[in-house]
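Visitor: Encoded as structure tokens, here's the structure I'll be asking about.
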Amino acid sequence: MNSDPDKHKIIRDIGFSLLAEGKVIKIRADGYSMYPSVKPGSLVHIHPVTEDATPMPGEIVAWKRESGFVVHRLISIIKNDGNILYVTRGDSCTNEDAPIGAER
């Protein structure tokens, strides 16, 4: 299956824009990092973060990276000098992801 990188970038950017506008988007899971909670091919609904709906440890969250979204479980929230960082990990992964800021 050939993948057009420009088409993928356009679709990813549309998804980022829709979330920024407060819209819910749906993506298809790709990979086994959240197995068995989220299986490859599962439809994942991503809701934007709002002030009244902040993620809590134990919940499954999505965060942005250059290639698209990462859907992992929120492990902990680090608060330091007014900065908030989120630590996630895939259910079937042994290591946590690097902490990320709320902008992602």
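Visitor: From the protein chains alone at 1.4 Å, what is the descending order of accessible area for Asp97, Asp52, Asp4, largest first? Working shown, then result.
Guide: On the way: Asp97 40, Asp52 140, Asp4 85 Å².
Sorted descending by solvent-accessible area, the residues read Asp52, Asp4, Asp97.
Visitor: Which percent of Cα-Cα pairs in region 58-101 sits in each 10 Å bin, short to long?
Guide: 28, 55, 16, 0
Visitor: Another question, then. Over the heavy atoms of Ser37, what accessible area does a 1.4 Å probe trace out, to the nearest 10 Å²?
Guide: 70
Visitor: Return the calculated 222 nm mean residue ellipticity for the chain, to the nearest 500 deg cm²/dmol, obtained by summing -39500 (n - 2.57) across DSSP H runs with n ≥ 4 and dividing by the residue count. Don't skip to the answer; put the middle values down first.
Guide: Values: 1 runs with 16 residues, N = 104.
Helices in the chain give a 222 nm mean residue ellipticity of -5000 deg cm²/dmol.
Visitor: OK, next. In nm, to one decimal, how far is the Asp30 label point from the Val49 one, both placed 7 Å along Cα→Cβ?
Guide: 2.3
Visitor: So if each residue of separation counts as 0.36 nm, and I subtract the Cα-Cα distance between Ser42 and Met56, what length gain in nm does that give?
Guide: Values: separation 14, 0.36 × 14 = 5.04 nm, distance 2.24 nm.
Fully extending the segment from Ser42 to Met56 adds 2.8 nm.
Visitor: Return the FRET efficiency for the residue pair Asn80, Asp6: r is the Cβ-Cβ distance, R0 is 25 Å, and the value is rounded to the nearest 0.05.
Guide: Given R0 = 25 Å and the Cβ-Cβ separation, E is 0.05.
Visitor: Separate question: Within straight cross-link reach of Lys9, meaning Cα distance under 12 Å, which aspartates and glutamates are found once same-chain residues fewer than 8 apart are removed?
Guide: Hits, sequence-local ones excluded: Glu66.
Visitor: Roll a 1.4 Å probe over the protein heavy atoms and report the accessible area of Met34 in Å², nearest 10.
Guide: 10
Visitor: Computing the accessible area with a 1.4 Å probe over protein heavy atoms, can you report the carbon and sulfur percentage for region 1-98?
Guide: 53
Visitor: Here is a further query. Sort His47, His72 by accessible area with a 1.4 Å probe, largest first.
Guide: If we order His47, His72 from most to least accessible, we get His47, His72.
Visitor: Now a separate question. How long are the semi-axes of the equivalent ellipsoid of the chain, defined as square roots of 5 times the Cα gyration tensor eigenvalues? Whole Å, largest first.
Guide: Semi-axes, largest first: 23, 18, 13 Å.
Visitor: So, one more: Hey, which aspartates and glutamates would be in cross-link range of Lys64, C-alpha to C-alpha under 14 Å, not counting anything within fewer than 8 residues on its own chain?
Guide: Within reach: Asp13, Asp97, Glu103.
The values are calculated or read from the model by the stated rules, or taken from the named source; none is laboratory data. Model, not experiment: these values are computed from the prediction. With ideal geometry, Cβ positions are generated from the backbone for all residues, glycine too; neighbour counts draw on all protein chains shown. To get the accessible areas, we keep the full protein, side chains included, count just its heavy atoms, and leave off ligands, DNA and RNA. Shrake-Rupley method; radii C 1.70, N 1.55, O 1.52, S 1.80 Å.
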